Amino acid sequence: MVVAEVSIYPLDKGVSLSEYVARCVQVIDASGLDYRCQAMGTVVEGELEQVLDLVKKCFEVLQTDCDRIECYLRLDYRKGYSGRIEGKVASVEARLGRAVKK
């Protein structure tokens, strides 16, 4: 499984991009993969092929009316593990002895 951080948005649509980000979040939500939408990107967990296919679908949704798209994709693969979106945070919280802001 991989945990991926994805940030994808058009560069040719001005300063307010939430409309375009929302399109991608709809695609991510429909995928059935576990995800967390955050202020600067979305964290998704799945098999590598699923995550890469998901990023491609986000591109396709934006390409309909965006001429320039930027995407940051960071992948963390760990064989034999799942549930790492919550697990990584829980590990930090255990070391702190308290919950972190989410």
Segment 2-25, subset among the aliphatic types (A, V, I, L, M) and in contact with a helix residue (DSSP H, G or I) (Cβ under 7 Å, 6 or more places away or on another chain), residue nearest to Gly87 (Cα to Cα): Val3
Complete set of residues in segment 27-62 that are surrounded by fewer than 14 Cβ atoms within 10 Å (Cβ to Cβ) and touching a residue at least 40 places away in the same chain (Cβ under 8 Å): Glu47, Leu48
Number of positions in segment 63-85 that are surrounded by 12 or more Cβ atoms within 10 Å (Cβ to Cβ) and assigned to a helix (DSSP H, G or I): 2
Residues located in segment 4-26, provided they are surrounded by fewer than 14 Cβ atoms within 10 Å (Cβ to Cβ) and either of a type in the set (Val, Ile, Thr) or under 13 Å from Leu73 (Cβ atoms) (or both): Val15
Neighbours by Cβ (under 8 Å, 6+ apart or cross-chain): first from segment 81-102, within 16 Å of Arg36 (Cβ to Cβ); second part of a helix (DSSP H, G or I) and of a type in the set (Val, Ile, Thr): Val100/Val89; Val100/Val92; Lys102/Val89
Any chance Val51 is part of a strand (DSSP E or B), β-branched (Val, Ile, Thr) and under 15 Å from Asp76 (Cβ atoms): no
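No value in this document is a laboratory result; all are computed from the given coordinates. Keep in mind the model is a prediction, meaning the values are calculated, not measured. Cβ coordinates were reconstructed from backbone atoms using ideal geometry, including for glycine residues, and neighbour counts include every protein chain displayed.
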